[in-house]
Every structure is written in structure tokens, then in C-alpha cells.
Amino acid sequence: MSAAREALLDRCMAYLQDSGFSDLSIREIAAGVGTSHRMLIYHFGTREQLLVAIVERIEAAQRTALADLVSPEGDLTEVGRQFWRRVSDPTLAPATRLFFEIYSHAIYRRPWTDSFRATVVDAWAEPLAELLVQRGFDPAEARQRARLGLAATRGLILDLLVTGEREILDAAGDLLSELLVQPTRATGSGAGSTATLRAEEQT
């Protein structure tokens, strides 16, 4: 990515956080960030490709934030709680709405969503699964838990955007963080699973 393109993307992201522009034309976006629509077309191609680039940048920043929360011996449940508070922060609502707008187009496999579809799941699920494997989960189960956690978190965020019911959804996010790292009775997988199962049997 060229320095000029990256700087322009930074300006678009700042404008998004302040105003939101999912319903604006490329000319209106250009005016809002203080450039010409020709410059946006030159660097990004189309309005839709610009929006995808913004969402991909935001998603990458969120993955970095999650990685920064994780420590080798840290409590994954607490990591999940902290990350939920981050991604559900009201200041991120314009970017989150844009994410789901692009997601809805990806469902129909619009050609301009190709790069988005290539990363929207795997870029999250693979490192999450690896983290669970490091904590003692079977690789196959770790992949399942990673996909479950990703899908459920996005569902909770969508619920929050639509209903605004912060209290119950914060509680649901906390519960999800707990459930995702609990061992299953069938396999007993996960770090500390034997002790956990014994404790359950004694209650």
C-alpha cells in the first residue's frame, strides 16, 4: 500500500468515526475528507472498494487489539470479556454498522467483496483456534470453538446495534467468554479439564 493511499485511508477512517458515511456517494465522501472523488477512485477504484478497505483496516486493528490482550498464562475468559467491551464500544458503532453493511453484500458474493470474504472468517478463526490449541484443546475442537465464538460475538454485536439492550448483551458476552473455554464432558479437552470435571461431579 502506497503512503499516499494509506494516508487517505486514515482520513476516511477518521471521517467515518465522526460522521459515518455508508449512505454517502463517493463525491460526498471526498468532500468530507478534503480530497477529490478522482483521488479516491485512483487509489481505491470504486466507492464499494473504498468501504471494504476501511472495514479491512478496522478488522485488522481489532485483531491486533485482541492479540495485545493475550498473555501466555493469562485468563482467556477475562480476555474475552475485555475484548467484548472493546468491540461493543458505542464509539465504534459507525464502523460496526459499515461492517455489517459490507457483510450483507458479501452474502450475495458481490465481486467487490472478494477480498473481504477471503479474510472475514479465516483471519479471525485461525489465530483463535491456535490460541485454544496452546491452552490444551484438541485442534479439531479448537477450530469449532473459534468459529462458534466468532459467529456468536458478531451476533451479539448485531443484536446490540438493533436493540441497544446493553445490560443483557454485556452479560451475554461475559457468559460466552466463559463457555468458550470450558471443557466438554465428552472429551474433557482444555487446560485444567480434569480438575474442572471432578469439581462438577462432586457438586
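Rule-based calculations on the coordinates, nothing more; no lab input. Please read all numbers here as calculations on a predicted model, not as lab measurements. Because the Cβ atoms are built from the backbone with ideal geometry, glycine has one as well, and the counts that use them run over all protein chains shown.
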When only DSSP loop residues count, what chymotrypsin sites (Phe, Trp or Tyr not before Pro) in the range 49-140 have their Cβ near at most 13 other Cβ atoms within 10 Å? Tyr108
For the range 122-168, take N as its residue count and report Rg(C-alpha) divided by 2.2 N^0.38 Å. 1.38
Given the Cα-Cα distance of Leu69 and Phe100 and 0.36 nm per residue of separation, how much length would full extension add, in nm? 8.7 nm
Taking the Cα centre as origin and putting +1 on Lys and Arg beta-carbons and -1 on Asp and Glu beta-carbons, what dipole magnitude results for the range 1-45, to the nearest 20 debye? 200
Per residue, how much space in cubic angstrom lies within the convex hull of the C-alpha atoms of the chain? 134
Points 7 angstrom from Cα along the Cβ direction at Tyr42 and Ala60: gap in nanometres? 2.2
Can you give the extra length, in nm with one decimal, that the chain gains between Gln134 and Ala171 once fully stretched, where that is 0.36 nm per residue apart less the Cα-Cα distance? 10.6 nm
Using unit Cβ charges (K, R positive; D, E negative) and no other charged atoms, how large, in debye to the nearest 20, is the dipole of the chain about its Cα centre? 680
Which one, Tyr15, Val33, Ala3, projects farthest toward the positive side of the charge dipole computed for the range 1-45 from Cβ point charges (K/R +1, D/E -1)? Ala3
In this structure, the FRET efficiency calculated for Thr184 and Glu6 from their beta-carbon separation, with R0 = 45 Å, to the nearest 0.05, is 0.55
Put +1 on the Cβ of every Lys and Arg and -1 on every Asp and Glu Cβ in the range 55-191; which of Thr153, Leu98, Gly164 then has its Cα farthest towards the positive end of the dipole? Leu98
Sort the range 1-45 into rounded, prolate or oblate with this rule: let a ≥ b ≥ c be the square roots of the eigenvalues of the Cα gyration tensor; rounded if a/c is under 1.5, and if a/c is not under 1.5, prolate when a/b is larger than b/c, oblate otherwise. oblate
How charged is the neighbourhood of Leu132? Take every other residue with its Cβ under 10 Å from the Cβ of Leu132, and add Lys/Arg as +1 and Asp/Glu as -1. 0
Starting from 0.36 nm per residue, how many nanometres of slack lie between Thr163 and Tyr108 once their C-alpha separation is accounted for? 17.3 nm
